[in-house]
Amino acid sequence: TASHMTQSVMLSEFHGVSAYYLLLPWLFHELLFRKKLAILPLVCILGLREDAGLVVLPMLVFAALRDRWKTGYVLTGVSLAYVIAAVALLYPLINGVGILEVRAMEASPDSIGSSLTAESLRLRGAALLWIILSAAPFFVMTGRKGWLVLLFPLTALSMAMLSGMPRQHALTFHYPAPIIAAMACGMAGSLERAGKGIGGKPCRAGLAALVLVTAASHFLNGFFLGGRASHPVYGQVEPGMRPLLKLAGKAPPDGTLIAYRKIAPYFAMRRDVLSRRSYIEGRHTIDLVVCDLHELYSPKLSWLHRAIADGDFGISAMEMPYLLAERGAKGGAELTEGLFMSPAMMPAQGGSIACEKVFGLSRYWHGLAREAPITLVYARSILLKPGRYEASFRIRTRSNTPAPEKGFGTISLHRRNQDPAIASAPIRPATAFEEQRLSFTLEGDTMVEPRVTGGGAELWINLIGIRPVSPELPEPGLAGQQGTHLPPGNDN
């Protein structure tokens, strides 16, 4: 429990995963002393996560082999069967979507292969180093009998190292929970196997090494006395989530609200809140809808776009990039007169996310001239028909000089993945958010990509919009979006 990884797990407050610290030692105790009761903690562990059955495999196999315990082989088979059933049946039944779809990027061989970069290998190496350093003192104390320290967490550690997600293979946040809990069981097992052989100089040396490793890991990983960490995620609300918290406070208390499944928990204090997957046409009446700006233009939410255009729904509150649509409310019709995008949700080669008190999330550039020019917004392509259009960029700047080195930056529009600009203009200084516009004409159907380039001044980009001057705006839809948002009744 003194591991810096345990502090990371507890501060992440993922309480379901934290239960490994209770249930794995309980299971190990029953396997050693009361095998008939081992089924109780095993059932609890299997209920934690769909892959928990793999975590306990080394412990079950060890108990079955050591004591020639036939029931242990049965429990091993049950654990494997449950993992298959949980992944193939239970997870889709509960969540409405398969786990391989949810984790498609990190579960695919391509993503795992692409994560084998020098940086990801460094992260994996650093994580493994701390695991080995934590286990080493028990080899000093127990000799060859200390191998359980590395055997018990073997499957959990393998799953983490093979993941394509940096936060998982780096063992940050809640991901070390099953590994550290299994290691603790291995430590106890190693000491139990060594028995009376423990003592003397090896024991004192092992304990001293354990204290030194623990202190060094806390210091080098940013943890301090009192269980606090320097990582900002432990000390403040994630900036990207602040607009949702504000929007939740503005939502009317009555009426049925539906939202994407990852947004719905922010409105969980309401009596009637549904993920869009749970919505059943004819049973539920929609009064409120929460979505992000890009969802509004997705063909999957075209029904909401039409309802706002027709006046059946209106935008009653907006915290960029999220909006609250309410039945019977007025406002927001201008959003249906063009296609609007949130720069905070668009790909960027640099900059960061800033949360503005009035306008919500913006893409921010610190204005270091030596790093400029840099593309801050790109790759959100829109299919436009022939005609004349006007693009607007809501921008704010700040500079100590009226003419900063490398300017304030540029706004431009390009054909998808092409550098020559259809239209471009330098960014004008603006001490408060203002719209800076570009006009352009298209001769044929074109995938248009807006871009913003940062210069030698601080820059905030809050909103990008494209409105038709002529002809009529095409059917709403953003091309090239990552991820899909399903209509009511089908969303996950």
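Every number in this text was worked out from the coordinates using simple rules, so none of it is lab data. All values reported here derive from a predicted model rather than from experimental measurement. Cβ atoms come from the backbone with ideal geometry, glycine included; neighbour counts cover every protein chain shown.
Summary table below
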| read-out | value |
| --- | --- |
| Potential lengthening between Ser352 and Ala369 on full extension [0.36 nm per residue; Cα-Cα distance subtracted] | 4.5 nm |
| Sequence of His218, His4 once ranked by neighbouring C-beta atoms within 10 Å, starting from the fewest | His218, His4 |
| Förster radius 30 Å - calculated FRET efficiency between Val211 and Phe14 (Cβ-Cβ, nearest 0.05) | 0.60 |
| Ranked list, fewest to most other Cβ atoms within 10 Å of each Cβ, for Tyr266, Tyr364 | Tyr266, Tyr364 |
| Two-site FRET efficiency, Thr285 against Asn95, from Cβ-Cβ distance with R₀ of 25 Å, rounded to 0.05 | 0.55 |
| Top positive-direction residue, dipole computed over segment 276-337 with Cβ charges, set Ser316, Leu288, Thr336 | Leu288 |
| Loop sites in segment 3-84: GluC sites (Glu not before Pro), DSSP, at most 11 other Cβ within 10 Å | Glu13 |
| Loop-located trypsin sites (Lys or Arg not before Pro) in segment 11-42 whose Cβ has at most 16 other Cβ within 10 Å (DSSP) | Arg34 |
| Calculated from backbone phi, Karplus (6.51, -1.76, 1.60) coupling profile of segment 30-42 in Hz, x at Gly/Pro | 5, 5, 7, 10, 9, 4, 5, 9, 4, 4, 5, x, 5 |
| Of every Cα-Cα pair in the chain, the percent that sits beyond 39 Å | 39 percent |
| Viscosity 1.002 mPa s, temperature 20 °C, Stokes-Einstein D of segment 359-450 from Kirkwood C-alpha radius, µm²/s | 148 µm²/s |
| Extension reserve of the Glu119-Gln436 stretch, reckoned as 0.36 nm per residue once the Cα distance is removed | 110.2 nm |
| Filtered trypsin sites (Lys or Arg not before Pro), segment 40-100: DSSP coil and at most 12 other beta carbons within 10 Å | Arg68 |
| Trp365, Trp69 arranged by Cβ crowding within 10 Å, fewest neighbours leading | Trp69, Trp365 |
